[in-house]
1. Label points 7 Å out from Cα along the Cβ direction at B:Ala175 and B:Val258: separation in nm?
2. Would you look at the GNM of chain B, springs on alpha carbons closer than 10 Å, and say which of B:Trp36, B:Trp261, B:Trp52 moves the most?
3. Equivalent-ellipsoid semi-axes (√(5λ), Cα gyration tensor) for the protein assembly as shown, whole Å, largest first?
4. If each of A:Ile192 and A:Leu29 carries a label point 7 Å out from its Cα toward its Cβ, how far apart are those two points in nm?
5. Counting only helical runs of four or more DSSP H residues, what would the 222 nm mean residue ellipticity of the protein assembly as shown come to if each run contributes -39,500 (n - 2.57) and the total is spread over all its residues?
6. Just grab the label-to-label distance for B:Ile85 and A:Leu37, each label 7 Å out from Cα along the Cβ direction, in nm (one decimal).
7. Rounded to the nearest 0.05, what FRET efficiency is calculated for B:Lys16 and A:Ile140 with R0 set to 35 Å and r the Cβ-Cβ distance?
8. Going by alpha carbons, how many degrees (0 to 90, nearest 10) lie between the helix axis of B:13-43 and the longest principal axis of chain B?
Amino acid sequence: MDVFSDSANVDTYVTGFLWILKLTVAGTLGALVLGVLLAAMRVSPVPVLRAFGTAWVNTFRNTPLTLIIFFCYFGLFSTLGFTASDDIDRNNYWLGVVGLSVYTAAFVCEAIRSGINTVPAGQAEAARAIGMSFRQTLTIVILPQAGRAVVAPLGSILIALCKNATIVGTIGLAESSNAMKDLINANGNAVIPIFLVFAGTFAVVLIPTGYFFGWLANRLAVKR
Amino acid sequence: MSADAVLYDHPGPRAKLRNLILTIVFGIGLLALLWWIYSKFDEKGQWASTLWKPFTASSTWTDYILPGLLHTLEAAAVAMVLSLIFGIVFAVGRLSEHWWLSVPAGIVVEFFRAVPLLLLMFFIFFGVPFLTQQPMSVFWAVVIGLTLYNGSVLAEAFRAGVKSVARGQSEAAYAIGMRKGQVMQYILIPQAARAMLPVIVSQLVVLVKDTALGYIISYSELIQLGVNNLSANFGNVVQAAIVAAIIYIVVNASLTAVAGWLERRTRRTGKAPKAPGQAVPAGVVQTGEAAGAV
């Protein structure tokens, strides 16, 4: 573990995981907001909205994230001139957040839609019978119940998002996987400890998170 | 509940008007966005025919895109076979009654499920050569990485599937004198595989998408050849990326269609045991379209 007695190396490690943390938090917010909106669109009475939601999901769910991030850089940034910050790292970070949100939102949308399918039809029918509008039926009756059913799938989607954040390294952000690559190339004699520290950090955080979401899902499950 | 037409009443005159207005407003917004993208692309000369022309030449396809696609599918196919084997072996290991088998299998599966695939590939490609003193083949770095990750996810899927088989099945098998191995081989695995088929296929879609990570360690797959190398010659990176995306979408959408068809088929014949729902232990992959396959 001599590698990590050098403070410069520790710095590389910390910076790498700070980027992952920031990407995860911002990406989660973006993906949840976009995903709920898309799910609402896909069940809405307006055909154009439904078609838009379907097109979004089919496009982004089937494209590799690597390509989406790549496209954020060359399409969104280089061609369309989308610039979030003058600092190159910050700019790449925001491009990464856009890519992660757009990609993950497709999965969040599908999870919520299958959650809506677990709510018995009688619930929506009763809501309509007492005169609720589509928006009221969705936000007051259906989504709160669907939300409980999607805790487990949403949990695994968010865990995947955290792991996928490493892919933002493609456009040059010094996140954890790039940090590990640099450390390995500079310290060929300590390859295994370096890998164990980086991979172990992910494992130590994400395995309990997975069990937490499983526990939460069981606790919140609607007893029927 | 089928979401269609249950959440809202049949539109009357007012609702029809409102829907029409929403359609128009959203449509105009969408068209405005598309127009903005179009004009920005135009401003930068991205619609120039020289940038799109290469895709009508057969040499572009035979020299760049098709070999790239072939390498992508090659890595995906080998990794699919290996990860299915890995998945079955570790699922059986984790279900074993011997702690010295189930605990290590559990640790391996949980570890590789939690580590980002890119990190794993970097370790295999850049780190392992330091240990073995031999250069690592980039193809095998991609395949091994894909196998360890997707194999672990599949192991959990199989395990959930085996647990979803009704207990009477294995009890009956023991009652007619089958051994543990036989019960697993003839009774549990076939039923589990059928129950988890949709999950398995959607994990294979993930695997195909994940081959794109090979680009980052310069494996000559679709993005490397079809986007990077192609655009190095023609300067059309955006166009090449769009074409590559369309190819990925076609390949994966067909795999997803197969998954949907399988799901309907197994549901219709009613042979599949009930999908393992809330009752499965924490962290286990669940069935359904969206189940963890990101």
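Read-outs throughout are calculated quantities, based only on the coordinates presented, and are distinct from any laboratory measurement. Just so it is clear, the structure is predicted and the values come from calculations on it, not from any experiment. Glycine gets a Cβ as well: all are built from the backbone with ideal geometry, and neighbour counts include every protein chain shown.
1. So the two model labels end up 3.9 nm from each other.
2. B:Trp36
3. 35, 34, 22
4. Taking the two extended label points, one gets 4.3 nm.
5. Mean residue ellipticity at 222 nm (helix-derived): -22500 deg cm²/dmol.
6. Taking the two extended label points, one gets 4.7 nm.
7. Once the sixth-power term is evaluated, E becomes 0.90.
8. 70
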